[in-house]
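As structure tokens, the structure follows; a few thoughts come after it.
The values are calculated or read from the model by the stated rules, or taken from the named source; none is laboratory data. Not measured: the values here are computed from a predicted model. Because the Cβ atoms are built from the backbone with ideal geometry, glycine has one as well, and the counts that use them run over all protein chains shown.
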Ligand SMILES: Nc1ncnc2c1ncn2[C@@H]1O[C@H](COP(=O)(O)OP(=O)(O)O)[C@@H](O)[C@H]1O
Ligand SMILES: [Mg+2]
């Protein structure tokens, strides 16, 4: 089973694009999602995300993330609807007040969140992390140290998640009631566990850093990269498309 | 008593990690689980503790299916030592770490201190040190000590001796043996066949998720047909004794081997 941020090997159009194009495209979709206030446009962006997912052969994974986001969305939506008190009142009962503005703000937040999260997952699904850091160093002149930091942070997310679930399992075995149905109680129980997680993480990172240094990490320069990245016509097409997308976002 | 009835477990979308397990661990037993890496030992151990629930079949603890028991409530009855002890440690001092398990189970405050003191005395820990500043072997012992403080009826130990030197290893297993003699049921996953022979009364041999052999330790180690299939090599003395079966009576320990050889010499003279 692959994690939701893992690379999925393949040879689709998206896989063959230059990593820089993919980076620009996914960030472009995010920007478009943030500059536009139009609900229809946001829906179009989500449809585009899904279409790209299909194109990259990672439709299943996108769906999984989408269903995960749905839970969060419901929560966020309810929060917005309950706390926005301005605008035309649609329903009122005691202190409970639902307004048209509330519905609109809630929907916009949720759609924007979804439209902006999906492309980032797509980027990581069709681009190897080494290519991502490679292109940052070679094309964008980002020092290798920083590019490496970024990709390592992404790489460590599933590692930390696994560590956390291991800690939770071990503490359940000791009798901590993580199997409670009460979510508030559960959050209270999880917070103290950040200490062992932090300690084990810092330990792991220290070891990785020492290992990298021993292998000559500090000697690496921009020229060390043997792989060269070049644009093909498809790259230009996607880049132009991204610019148009952002322009459309500003327009709507 | 722990009973496995046609137990299979499959991690999400993978092949079955354990398949159709059937066995019983009676109260007061000392059982070892052996087998190659990835054979399903840890999975079986977690199933016994209710940390994992079977995909099919059922695991019964004292007659109740683990699916009907809350995982955290079982802590009073079954102690579980993880392969990685660091995940079990979470308090700033050794004393608090040892007290934590007791507090979780609702032991009255007045009773906690004497029980923690007894364990501290036994394991000779400095109560004010941070668990995270201890060496790997000490952390392993602390994780075990915090289980023992709770005095569970059953102990499940997943590779308790990995990474320990001989002295630490004996310190840990000496404690476990004493508990077993006092009536605690022990299930231990272990890669060291010498230790298995010395401590376990019964062995379960796992291979590729299946239970290949289940029997008395000495008998299992003499099953030269089946053991290679599980990539298990019996202890050296047992192998030597096996080779000399035509001239020497069976021997599984240094002492027995010595007696066998000396006995034979006496016989010749
Ligand atoms: N959390 C998990 N998710 C998926 N597969 C797992 C997980 N844990 C173990 N496995 C797989 O199950 C099999 C048995 O693992 P395990 O019980 O840990 O073996 P052992 O402890 O005997 O080395 C292995 O093939 C392992 O890769
Ligand atoms: Mg294991």
Taking the range B:136-173 and keeping residues in a loop (DSSP other than H, G, I, E, B), buried (at least 17 other Cβ atoms within 10 Å of the Cβ), touching a residue at least 40 places away in the same chain (Cβ under 8 Å) and within 16 Å of ligand 2 (Cβ to nearest atom) leaves B:159, B:160
What about residue B:232, is it within 16 Å of ligand 1 (Cβ to nearest atom), at pLDDT 95 or above, touching a strand residue (DSSP E or B) at 6+ places or on another chain (Cβ under 8 Å) and closer than 16 Å to residue B:41 by Cβ?
no
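Just need a number here: residues in the range B:21-65 that are more than 12 Å from chain A (Cβ to nearest Cβ) and outside any loop (DSSP other than H, G, I, E, B).
Residues meeting the conditions: 23.
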Assuming residue B:237 fulfils every condition listed in (1) at pLDDT below 95; (2) under 28 Å from residue B:86 (Cα atoms) apart from one, which condition is it?
(2)
Among the residues of the range B:185-205, are any away from ligand 1 (no atom under 16 Å from the Cβ), surrounded by 17 or more Cβ atoms within 10 Å (Cβ to Cβ) and under 29 Å from residue B:127 (Cα atoms)?
yes
When the range B:213-234 is checked residue by residue, the ones that are assigned to a loop (DSSP other than H, G, I, E, B) and in contact (Cβ under 8 Å) with a residue 24 or more places away in the chain are B:222, B:231, B:232, B:233, B:234
How about the range B:1-20: which of its residues are in a strand (DSSP E or B), surrounded by fewer than 22 Cβ atoms within 10 Å (Cβ to Cβ) and away from chain A (no Cβ under 14 Å)?
B:3, B:5, B:6, B:8, B:16, B:19, B:20
Taking the conditions exactly as written (surrounded by 18 or more Cβ atoms within 10 Å (Cβ to Cβ), in the same structural domain as residue A:48 (by TED's automatic domain parsing), on the phi < 0 side of the Ramachandran plot and touching a residue at least 60 places away in the same chain (Cβ under 8 Å)), does residue A:118 satisfy them or not?
yes
Out of (1) in a helix (DSSP H, G or I); (2) touching a residue at least 24 places away in the same chain (Cβ under 8 Å), the one residue A:74 does not meet is (2)
Given the conditions (1) without any contact (Cβ under 8 Å) to a residue 60 or more places away in the chain; (2) out of contact with any strand residue (DSSP E or B) (no Cβ under 6 Å at 6 or more places or on another chain), report the number of the one that residue A:126 does not fulfil.
(1)
On the given criteria, is residue B:91 in contact (Cβ under 8 Å) with a residue 60 or more places away in the chain and within 14 Å of chain A (Cβ to nearest Cβ)?
no
Only one of B:183, B:101, B:137 is away from chain A (no Cβ under 12 Å) and in contact with a helix residue (DSSP H, G or I) (Cβ under 8 Å, 6 or more places away or on another chain). Can you tell me which?
B:137
Could you tell me whether any residue of the range B:25-34 is within 16 Å of ligand 2 (Cβ to nearest atom), closer than 24 Å to residue A:171 by Cβ and in contact (Cβ under 8 Å) with a residue 12 or more places away in the chain?
yes
Counting just the residues of the range B:192-207 that are in a loop (DSSP other than H, G, I, E, B) and either in contact with a strand residue (DSSP E or B) (Cβ under 7 Å, 6 or more places away or on another chain) or at pLDDT 95 or above (or both), which one comes out nearest to ligand 2 (Cβ to nearest atom)?
B:200
Do we have any residue at all in the range B:39-56 that's over 15 Å from the mean Cα position of the chain (by Cα), more than 16 Å from ligand 2 (Cβ to nearest atom) and closer than 23 Å to residue A:190 by Cβ?
yes
